[in-house]
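Encoded as structure tokens, the structure appears first; notes follow it.
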Amino acid sequence: MALYSEKVMDHFRNPRNVGVIENADGVGEVGNPVCGDIMKIYLKIENDVIDDVKFETFGCGSAIASSSMATELIKGKPLSEALKLTNKAVTEALDGLPAHKIHCSVLAEEAIKKAVKDYYDRNGIEYDKGLFPDCEGCEHCCDGH
Amino acid sequence: MIYADNAATTKMSESAIAETVKCMRECYGNPSSLYEFGQEAKVALEDARNRIAKCLGADAKEIYFTSGGSEADNQAIFSAAKLGEKKGKKHIISTAFEHHAVLHTLEKLKKQGFEIELLDVHKNGIVTPEQVKSAIRPETCLVTIMYANNEIGTIQPIAEIGEICREKGVIFHTDAVQAVGHLAVNVKEQNIDMLSLSAHKFHGPRGAGVLYAKKGIALETVINGGAQERGKRAGTENLPAIRGMAVALEEAVGNIDSYTEKLIPLRNRLIEGLSKIPYSELNGDREKRLAGNVNFCFEGIEGESLLLLLDDKGICASSGSACTSGSLDPSHVLLAIGRPHEVAHGSLRLSLGEETTEEDVDYIVKSVSEVVTYLRNMSPFWRDLVNGKRPHIFAEYTK
């Protein structure tokens, strides 16, 4: 029994959409180096659709795999759909994560939400604040720091 | 496959395997049985005890077989605490970077009202005899300090600490799990009152260990039951593993000089190679460390992903990152030597062994460099360090 599913290892070994988008329309970063994971999502948006998405991740195998999978799940999708992406959907698409790694999928969900919020803020687009709970991504792992 | 995790466990030696199997096959009697076949097992048990005692410079009566290092640590510490408590002494001195078998036992005693003082191990991972001397108080009942650290391999001044404890009349225990079979140990010459060891760290089998307790130290039983081990540790003896342990220990002790002579140049070659990776640093003293131990921190990356990619290249290693420990914090050892969390997550331990070759070392250096570069290129933390958005922790190159 391996530590991770084959899906996780595939996305870890061959991550999709790694990199940076220069002049991105929205950028979201969550986590911090003290906790040992940071995810950064870059979005290129055309007519409310995610035209391109890239990520950078500092973290463990499941953090890299979660970012890769999450970007695959929102690429080419309307923003409204991207905002509905849950950590559960990311975990399921990866054929599951070990219990203590679930927070990696939470980080992916939160990084995407933060990038979309950044896009809305930059363009003065009105949105329901309830869609973006005040999350700093890392509260799961950073108790006590 | 390159096995560079000998601090985690070692490959059993052929002679230890042969002895273990031989015992399973031919000497399966219970040493507590009175018929001849049982008594033969008893003789084999006592022979192993004698041989192990000799390797440590101890008397056979001072050797208690346990299931391993953790059990020995637990029993040693609880025993000394109990003896202290009877005299109203409830102060224990240890260090901040002990193995959890020691630290968690001390935590338990703390809840029972003991005062636990953990000494600083400095940036180089070494405690000084002077620190111990000034920490000892009239109510100190135990000093427990590891012989060599399991993560960063630093070797402690055991004989000097032992001498101070002897002068002050305080029991001195050392967790020597990483040292026995790798360094010359002599409990009498080094003033060690109690010592823990584990067979699988020196090419012996798992599930066998020893607590050495100097004559006169009354042990507390941790495992209650039958009268084995002079009533101090119940349970039918794991004779095959104990026989394998005795053979492995004699062999390891006999090989210490050649092993050290072979491994130190390989270790130094590995340290030099990895030092060429910018913004990285060796953890622990450069010289006063185990012959096979190398431990580095790399800025901007996380240890678990490093290990998984090294595994893909056929290299077995370990890390002190939170993700590999299953806890939320990175290695307490790296934090104890003053590494900040953000680089402690990016640590790598390589522990070489008898079978490591120069080619292996060069391949490890090349692989680690490639993987670190690859992971840094996708790390937003690394990008911030390069762009000056966050300050570097290490210099670009250290000497």
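Details
- Across B:Lys11/B:Lys123; A:Lys101/B:Lys111; A:Lys54/A:Lys113; A:Lys40/A:Lys84, pairs whose alpha-carbon gap is larger than 23 Å: B:Lys11/B:Lys123; A:Lys101/B:Lys111
- Cα pair count fraction exceeding 25 Å, expressed as % - chain B: 58
- Note that region B:254-399 carries a Kirkwood radius of 15.6 Å, evaluated over its alpha carbons pair by pair.
- Furthest towards positive pole of dipole, B:Leu375, B:Leu183, B:Ala291, structure part the protein assembly as shown, Cβ charges: B:Leu183
- Centroid-to-centroid separation of region B:320-399 and region A:61-101 [C-alpha atoms, Å]: 27
- Filter on A:Lys7/A:Lys88; A:Lys7/A:Lys114; B:Lys61/B:Lys82; A:Lys7/B:Lys366; B:Lys42/B:Lys201 - keep pairs with C-alpha separation over 18 Å: A:Lys7/A:Lys114; B:Lys61/B:Lys82; A:Lys7/B:Lys366; B:Lys42/B:Lys201
- Largest GNM mean-square fluctuation across B:Ala16, B:Ala344, B:Ala184, computed for chain B with C-alpha springs under 10 Å, falls on B:Ala184.
- Most fluctuating residue given options A:Leu131, A:Leu79, A:Leu43, as computed from a GNM of chain A linking Cα atoms under 10 Å: A:Leu131
- Student exercise, the protein assembly as shown dipole from Lys, Arg, Asp, Glu Cβ charges, in Debye to nearest 20: 1500
- Think of chain B as having a plus end and a minus end, set by charges on the Cβ of Lys, Arg, Asp and Glu; of B:Val253, B:Leu309, B:Ala80, B:Ala80 sits farthest toward the positive end of this dipole.
- Residues of region B:374-393 buried by at least 30 Å² on assembly (accessible area, 1.4 Å probe, chain alone as reference): B:Tyr374, B:Met378, B:Pro380, B:Phe381, B:Arg383, B:Arg390
- Extending 7 Å from Cα along the Cβ direction at B:Asn377 and again at B:Lys108 yields two label points whose distance is 5.0 nm.
- Dipole in debye (nearest 20) - chain B, about Cα centre, beta carbon charges: Lys, Arg +1; Asp, Glu -1: 1040
- Inter-site label distance for B:Lys11 and A:Lys84 at 7 Å from Cα along Cβ, in nm: 5.6
- Taking the Cα centre of region A:6-123 as reference, the dipole from Cβ charges on Lys and Arg (+1) and Asp and Glu (-1) amounts to some 200 debye.
- Surface burial for A against B, with a 1.4 Å probe and both sides summed, reaches about 2200 Å² of accessible area.
- All Cα pairs of region A:6-123, percent lying beyond 16 Å: 53
- Label-zone membership for region B:169-203, site B:Ala159, 7 angstrom Cα→C-beta point, backbone N under 12 Å: B:184-192
- Averaged over the residues of A:32-44, the number of partner chain Cβ atoms lying within 10 Å of the residue Cβ comes to 5.
- Whole-number percent relative contact order across region B:205-321, with pairs defined as alpha carbons under 8 Å at least 6 apart: 15
- Rounded to 5, the percent of DSSP beta bridges in chain B classed as antiparallel: 55
- What region A:6-123 shows is 37 Å² of accessible area per residue, with the surface traced by a 1.4 Å probe over protein heavy atoms.
- Spin-label pair B:Thr236/B:Glu167, simplified geometry with 7 Å Cα→Cβ offset, distance in nm: 5.1
- Building the convex hull from the alpha-carbon atoms of the protein assembly as shown and averaging its projection over directions returns 27.5 nm².
- Modelled FRET efficiency - R0 30 Å, B:Lys276 with B:Met1, Cβ distances, 0.05 increments: 0.75
- For the protein assembly as shown, the share of accessible area belonging to carbon and sulfur comes to 51 percent (1.4 Å probe, ligands and nucleic acids excluded).
- Its convex hull of Cα atoms gives region B:1-103 a direction-averaged projected area, equal to a quarter of the hull surface, of 10.4 nm².
- Build a GNM of chain B with springs between Cα atoms under 10 Å apart, and of B:Tyr374, B:Tyr35, B:Tyr259 the one that fluctuates most is B:Tyr35.
- Spread of Cα-to-Cα distances over 10 Å intervals beginning at zero, given as percent, for region B:314-399: 14, 39, 38, 8, 0
- For the peptide A:49-60, the mean number of other protein chain Cβ atoms found within 10 angstrom of a residue's Cβ is 5.
- Largest first and in whole Å, the equivalent-ellipsoid semi-axes of region B:21-162 read 35, 18, 14, each the square root of five times a Cα gyration tensor eigenvalue.
- Candidate aspartates and glutamates - alpha carbon under 18 Å from B:Lys86, same-chain residues fewer than 8 apart omitted: B:Glu115, B:Glu139, B:Glu220
- Threshold 50 Å² - residues in region B:327-372 whose accessible area is reduced by that much or more when the chain is no longer isolated, probe 1.4 Å: B:Leu328
The values are calculated or read from the model by the stated rules, or taken from the named source; none is laboratory data. Bear in mind the structure is a predicted one, so any value in this text is a computation, not a measurement. Glycine gets a Cβ as well: all are built from the backbone with ideal geometry, and neighbour counts include every protein chain shown. With ligands, DNA and RNA removed, areas are computed over all heavy atoms of the protein, side chains included. Shrake-Rupley method; radii C 1.70, N 1.55, O 1.52, S 1.80 Å.
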